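The values are calculated or read from the model by the stated rules, or taken from the named source; none is laboratory data. Given the structure is predicted, the values throughout are model-derived calculations rather than measurements. In this analysis, Cβ positions are derived from the backbone assuming ideal geometry, glycine residues included, and neighbour counts consider all displayed protein chains. Surface accessibility is based on the protein's heavy atoms, side chains included, excluding ligands, DNA and RNA. Shrake-Rupley method; radii C 1.70, N 1.55, O 1.52, S 1.80 Å.
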Amino acid sequence: MADTLLQFDEALGLCRKIFVDKLKDYGASWRIMRPRSITDQLYIKAKRIRTLEEGTAMVDEGITGEFMAIVNYGLMGLIQLSKGYVDQVDISVSEAISLYDGYVIEVRSLLEAKTHDYGDAWRGMRVNSYTDFILTKLQRIKEIEGNGGVTTVSEGIDSNYMDIINYAVFAVIKLTE
């Protein structure tokens, strides 16, 4: 488990650097996005990964960067679920980073608990399976959003975002090993 957590921290460090650099360029402009739009952005990224896995790209940006974007959009989604969306940016760069880091701690704790229960089963999986699981989770989120966020027995949107983030982190780890 120690290796998995160390690799999680390293992969998240790569994602966080991109998040911080983009905050410097754009500020927290994503605060304007409604959670449904973040779900759609995650869907676009996952579909692009699937396209790249199945063939060649006309825009050569690579799969690893797309998985990193999924991590970052997933964390933005968690922030938006908790704070709601706004019409104008309402947080500073430092506050955005603090919120991001707080949700990383939650996602890491979930990974630690699931690693305890499942071991490192993810290591035996193929990267394209992470893509399929992410797309499945996104479909579930769309259904929940369509139901006004209400579930009968299923996990909520936030839990699905956390699972998506962890699947994307697994892919980043595998693709950067």
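For segment 131-177, a residue qualifies if it is of a type in the set (A, V, I, L, M, F, W, C) and free of Cβ contacts under 8 Å to residues at least 12 places away in the same chain, and the qualifying residues are VAL150, VAL153.
Among the polar types (S, T, N, Q), exposed (fewer than 15 other Cβ atoms within 10 Å of the Cβ), touching a helix residue (DSSP H, G or I) at 6+ places or on another chain (Cβ under 9 Å) and within 20 Å of GLU10 (Cα to Cα), is that true of THR176? So THR176 fits the description; yes.
How many residues are of a type in the set (A, V, I, L, M, F, W, C), open to solvent by 40 Å² or more (accessible area, probe 1.4 Å) and in a helix (DSSP H, G or I) if we restrict to segment 60-92? Talk me through it step by step, then tell me what you get.
Within segment 60-92, the subset of a type in the set (A, V, I, L, M, F, W, C) is 63, 67-71, 75-76, 78-79, 81, 86, 89, 91.
So of that shortlist, the ones also open to solvent by 40 Å² or more (accessible area, probe 1.4 Å) come out as 63, 81, 89.
Now narrow it down to the ones that are in a helix (DSSP H, G or I): 63, 81.
Looking only at that region, the number is 2.
Within segment 81-95, the presence of at least one residue that is small (Gly, Ala, Ser), out of contact with any strand residue (DSSP E or B) (no Cβ under 8 Å at 6 or more places or on another chain) and more than 19 Å from TYR161 (Cα to Cα) is confirmed.
Number of residues in segment 126-161 that are closer than 19 Å to ARG34 by Cβ, among the hydrophobic types (A, V, I, L, M, F, W, C) and surrounded by 14 or more Cβ atoms within 10 Å (Cβ to Cβ): the value is 4.
Scanning segment 94-119 for residues being under 20 Å from VAL20 (Cα atoms) and open to solvent by less than 60 Å² (accessible area, probe 1.4 Å) gives a total of 9.
Looking at VAL104, is it closer than 17 Å to SER159 by Cα and of a type in the set (A, V, I, L, M)? Yes, satisfied.
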